[in-house]
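Engineer: The following block contains the structure, expressed as structure tokens.
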Amino acid sequence: MFIAVTDLVGCQDGAVTMYEWGHNTALCSPRVQGSFSKVTQLQFNTQGNKFGVSDGEGLVYLWQCGYSANTTKPFLKLQCHNKQTSDFDFVSSSSLIATAGHSSESKNVALWDTLLPQRSSLIQAFTCHEHGASCVVFAPQHNILISSGKKGDICIFDIRQRLLRQTFQAHDMPIKSLAIDPSEEFFVTGSSDGDIKVWGLNVHNLLYTFNGEHSRKNFFQSSVSGVLQLAVTGQNQLYSCGADGSMKVRQLPEPDLIVKTYSNMY
């Protein structure tokens with residue numbers, strides 16, 4: 001198995017660059033600036049031998065990653081949504097991917113089998129999330145898919161039965177980020193107004209609320225707002241960063257305990 005010791009950087013100009021930890025020069029540039037739409041998401045699969053990129057034209061690209069792999073050309077290019085693909089996640093063995101985006105027919109969350117021919121690679125599309133889906137995350141132990149929408153709603157899908165199990169309103173504003181803890185006891189949502197909420201995974205009850213955690217405190221308007229990224233470690237530390245330029249670390253289940261705060265990051 002190939003162990004990933006690299007990092008991916010994606011930009012608004014469509015460029016994607018791969019770096020190796022401890023080195024200043026880039027390993028390769030799978031996508032060059034000016035030739036592609038803006039990058040909306042990029043990530044490695046769990047095994048570390050594959051990575052993907054989604055963009056503003058609704059496309060998802062997949063590359064093999066290894067010492068002998070060709071990273072200059074993707075092995076797969078999928079038109080997943082006809083307006084934009086906002087997010088994606090590798091599912092199970094990583095031959096399946098789940099995508100969240102915006103399609104004209106409102107099929108805004110979809111499952112794709114990358115081993116099938118492209119014409120038949122779409123195995124399930126869900127009509128949900130008016131005005132588009134913003135985030136998606138897979139919970140492998142529960143075999144469920146969690147997606148969020150631009151109107152603040154959450155959808156829970158059963159992957160085995162390929163059906164929508166539950167939907168509920170999580171925020172009044174668009175949800176910008178989703179994360180799940182490694183033990184799959186809870187998941188976290190972050191909205192465009194800077195609020196963060198922690199939800200139980202089995203019952204979907206609200207556990208904690210952090211209002212205005214990453215809200216802008218100036219009068220300058222920006223297309224980037226709110227909570228931009230969330231992550232939960234195995235020690236239940238919640239990492240969050242936002243458009244206010246800060247990154248915070250909280251220790252759950254002690255919601256009032258902020259371990260660290262990094263401000264003015266950009």
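The values are calculated or read from the model by the stated rules, or taken from the named source; none is laboratory data. Small disclaimer: the values here were computed from a predicted structure and weren't measured. Note that we place each Cβ from the backbone using ideal geometry, even for glycine, and neighbour counts take in every protein chain shown. What goes into the accessible areas is simple: the full protein's heavy atoms, side chains included, and nothing from ligands, DNA or RNA. Shrake-Rupley method; radii C 1.70, N 1.55, O 1.52, S 1.80 Å.
Engineer: Quick one: what are the phi-derived ³J(HN,Hα) couplings along the range 94-106, Karplus 6.51/-1.76/1.60 with θ = phi - 60°, whole Hz, x for glycine and proline?
Structural biologist: Each residue's phi maps through the Karplus curve to give 6, 7, 9, 10, 10, 10, 10, x, 9, 10, 5, 8, 6 Hz.
Engineer: For the range 120-207, with only Lys/Arg (+1) and Asp/Glu (-1) charged at the beta-carbon, what is the dipole magnitude about the Cα centre, in debye rounded to 20?
Structural biologist: 280
Engineer: Can you tell me the order of 8-17, 165-174 when each peptide is scored by its average per-residue count of other Cβ atoms within 10 angstrom, highest first?
Structural biologist: The most tightly packed comes first, giving 8-17, 165-174.
Engineer: Test of understanding: what is the full-extension gain from E57 to E184, defined as 0.36 nm times their sequence separation minus their Cα-Cα distance?
Structural biologist: 42.5 nm
Engineer: Identify, among S192, Q118, Q161, the residue whose Cα sits farthest towards the positive end of the charge dipole of the range 98-233, taking +1 on the Cβ of Lys and Arg and -1 on the Cβ of Asp and Glu, with the dipole about the Cα centre.
Structural biologist: Q118
Engineer: Next question. Roughly how far apart, in whole Å, are the Cα centres of the range 2-59 and the range 111-130?
Structural biologist: A separation of 23 Å, based on Cα centres.
Engineer: Let me ask something additional. Sorted by accessible area with a 1.4 angstrom probe, largest first, how do E213, E57 fall?
Structural biologist: E57, E213
Engineer: Continuing with the same structure: Quote the charge dipole size of the chain about the Cα centre in Debye, to the nearest 20; the model charges only the Cβ of Lys and Arg (+1) and of Asp and Glu (-1).
Structural biologist: 500
Engineer: In addition: If you build a Gaussian network model of the chain, linking Cα atoms that sit under 10 Å apart, which residue out of H142, H204, H102 swings the most?
Structural biologist: H142
Engineer: How much length is gained if the chain between T46 and S246 is pulled fully straight, taking 0.36 nm per residue apart and subtracting their Cα-Cα distance, in nm to one decimal?
Structural biologist: That works out to 69.2 nm of additional length.
Engineer: In the chain, what percent of the accessible surface is made up of carbon and sulfur (1.4 Å probe, ligands and nucleic acids excluded)?
Structural biologist: 50
Engineer: What are the chymotrypsin sites (Phe, Trp or Tyr not before Pro) within the range 1-100 that DSSP puts in a loop, where the Cβ has at most 16 other Cβ atoms within 10 Å?
Structural biologist: Of the chymotrypsin sites (Phe, Trp or Tyr not before Pro), the ones in loops of the range 1-100 whose Cβ has at most 16 other Cβ atoms within 10 Å are F2, W21, Y67, F75.
Engineer: Before I look further, what does the range 114-179 give for accessible area per residue, probe 1.4 Å, in whole square angstrom?
Structural biologist: 49
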